[in-house]
Amino acid sequence: TVLTALADGVLTLTLNRPDKLNSFNKDMHLALHAGLQRAHDDAAVRAVLLTGAGRGFCAGQDLGDRDPRNGGEAPDLGHTLEAYYNPSVRLIRSLAKPVVCAVNGVAAGAGANIAIACDIVLAAKSAKFVQAFAKIGLVPDAGGSWSLTRILGEPRAKALTLTAEPLGAEKAAEWGLIWKAVEDAALMDEATALAKSLAAGPTLGLGLTKQMIQASAGNSLEEQLDLERDCQRRAGHSADYAEGVAAFLEKRKPEFRGQ
Ligand code: LHQ
């Protein structure tokens, strides 16, 4: 349900239930957790590329998987979030390595919000982001109520989630929700090249940079200045810093080893 491939330091995770627009069932959740956990544990992984197989990126929860019309006790969706969606968001945000997301087609419900949780999001121009929850009587999840509000502000976050109106990739880029909208045919090449170049970067410093930017939302300027001091101290002791400066002075390309 998730294809995994490691090349050039990039762990590519491809959501792979294309006939269901890569909507989540339990297997796909567990496979995504395993892939992201590997990215945490394996030093050979220096960047992650998340994408979807077929014409969609991810349509959120597989609505056929736990059809409430089937009777029995209503499933506890709070448990579904705690056991399956929240760990994915936490694994992406806490990973001290860059996560690139290539949104190859529609991203709906939790699928949209998992994309937005990634560090750099590229989307095919034909892709759409749909906060589909209101259409089925649910509320935004997978961190969407937090990230949409922080990125877009209340007016746009509320309009998107209350109306479930699709947001096209180009508008999403214009609004700053994603990094770039690219021609459909160029998406995978561009996203792979970006992930590769990040994987060849100073991984320790990139990981600290990611954590600092994420921490800033809850910090005062004073706290953030302290955090910058502490992180710069760590980066300043890294082999990649020594290499970066040496390469600059020797007018050559640095060879970062991620340490
Ligand atoms: C699907 C799905 C899908 C199954 C398309 N499931 N088959 C958390 C906690 C626990 C439970 C509940 O949820 C959550 C978080 C959530 O993510 S809630 C939001 C769940 N997602 C949605 O409500 C989105 C539902 N899908 C759609 O609105 C549309 O399919 C979108 C806008 C994604 C794409 O529209 P189209 O491009 O027109 O494609 P389509 O609707 O024709 O879908 C293609 C096929 O994929 C189709 O199957 P079929 O056999 O007819 O070809 C759909 O039934 C299937 N599919 N989404 N979530």
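The values are calculated or read from the model by the stated rules, or taken from the named source; none is laboratory data. What you are looking at is a predicted structure, and each value in this text was computed from that prediction instead of being measured. Virtual Cβ from ideal backbone geometry, glycine too; neighbours counted across all protein chains shown.
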Close pairs from the stretch 121-149: first in a helix (DSSP H, G or I), partner at pLDDT 95 or above and hydroxyl-bearing (Ser, Thr, Tyr), Cβ under 8 Å, at least 6 apart: 133/161; 134/161; 134/163; 144/161; 145/161; 148/161
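Conditions (1) within 12 Å of the ligand (Cβ to nearest atom); (2) under 20 Å from residue 214 (Cβ atoms), marked per residue:
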{"site": "141", "(1), (2)": "yes, yes"}
{"site": "147", "(1), (2)": "no, yes"}
{"site": "152", "(1), (2)": "no, yes"}
{"site": "169", "(1), (2)": "no, no"}
Considering only residues of the stretch 70-83 that are closer than 18 Å to residue 133 by Cα and more than 8 Å from the ligand (Cβ to nearest atom), which is modelled with the lowest pLDDT? 74
Name, by its number, the condition in (1) farther than 30 Å from residue 256 by Cα; (2) away from the ligand (no atom under 14 Å from the Cβ) that does not hold for residue 64. (2)
Can you pull out the residues in the stretch 17-63 that are part of a helix (DSSP H, G or I) and acidic (Asp, Glu)? 19, 27, 41
Before we move on, is residue 193 aliphatic (A, V, I, L, M), over 18 Å from residue 59 (Cα atoms) and surrounded by fewer than 19 Cβ atoms within 10 Å (Cβ to Cβ)? yes
Right, residue 205: of a type in the set (Gly, Ala, Ser), surrounded by 14 or more Cβ atoms within 10 Å (Cβ to Cβ) and touching a Ser or Thr at 6+ places or on another chain (Cβ under 9 Å) or not? yes
Give the stretch 80-104 a look and list any residue that's in a loop (DSSP other than H, G, I, E, B) and of a type in the set (Gly, Ala, Ser), or say none. 96
Residues within the stretch 68-79 that are loosely packed, with under 10 Cβ neighbours inside 10 Å and assigned to a loop (DSSP other than H, G, I, E, B), tallied: 4
Selection over the stretch 42-67 where residues are surrounded by fewer than 19 Cβ atoms within 10 Å (Cβ to Cβ) and touching a Phe, Trp or Tyr at 6+ places or on another chain (Cβ under 7 Å) yields a count of 1
I need a count of the residues in the stretch 1-13 that are under 15 Å from residue 47 (Cβ atoms) and assigned to a strand (DSSP E or B). 8
Identify, please: which residue in the stretch 146-165 is among the small types (Gly, Ala, Ser) and out of contact with any helix residue (DSSP H, G or I) (no Cβ under 7 Å at 6 or more places or on another chain) and is, among those, nearest to residue 176 (Cα to Cα)? 153
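To keep it simple, each residue is scored yes or no on (1) farther than 28 Å from residue 115 by Cβ; (2) crowded, with 16+ Cβ neighbours inside 10 Å.
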| position | (1), (2) |
| --- | --- |
| 161 | no, yes |
| 168 | no, no |
| 183 | no, no |
| 189 | no, no |
| 215 | no, no |
| 245 | yes, no |
